Amino acid sequence: MICSGESSRQIKTIYEEIDHALKKENVLLHHREGEPDSGWMLLDFGDVIVHIFAVYERELYQLDDLWSGANPLLKIQ
């Protein structure tokens, strides 16, 4: 999953809400990389990897382009 926030506070909130929702479903976070202030966080839930980017970092790393050939399971805008 690739998503973005417009501030470090928003990135942190996205992370906390994803973690909280998955804990309710007994899906635990295996590993986390990055911090909200860095503009990028990676959350490893085993079968699902979540990338949370700031706008600049999302454009810089272009993971959307890297995965453009994959079939999306769900797209939310």
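Our note on the geometry: Cα centres of region 47-67 and region 15-37, 17 Å apart. Counting charges near PHE53 (Lys, Arg +1; Asp, Glu -1) among other residues having Cβ under 15 Å from its Cβ returns a value of -4. Compared with the alpha-carbon gap, the fully stretched path from ILE76 to ARG9 is longer by 22.1 nm at 0.36 nm per residue.
The stretch between TYR61 and PHE45 holds 3.6 nm of extra length on full extension. This uses 0.36 nm per residue minus the Cα-Cα distance.
To check you understand DSSP bridge types, tell me what percent of the beta bridges within region 2-63 (both residues inside) are antiparallel, rounded to 5. For region 2-63, the DSSP antiparallel bridge percentage is about 65. Computed per residue of the chain from DSSP H runs no shorter than four, each worth -39500 (n - 2.57), the mean residue ellipticity at 222 nm is -10500 deg cm²/dmol. Ranked for footprinting exposure by Cβ neighbours inside 10 Å, fewest first, VAL50, VAL27 give VAL27, VAL50.
Restrict the search to the chain; then list the GluC sites (Glu not before Pro) that DSSP places in a loop and that have at most 10 other Cβ atoms within 10 Å of their Cβ. Those satisfying the criteria are GLU6, GLU25. Only one of [x] -0.83, -0.90; [y] -0.74, -0.82; [z] -0.57, -0.64 was calculated from the structure for log10 I(q)/I(0) by the Debye sum over Cα atoms at q = 0.18, 0.19 Å⁻¹, and its label is [y].
Each reported figure results from applying straightforward, stated rules to the coordinates on display, with no laboratory input. All values derive from a computational prediction rather than experimental measurement. Positions of Cβ are generated from backbone atoms using ideal geometry, with glycine treated the same way; all protein chains shown enter the neighbour counts.
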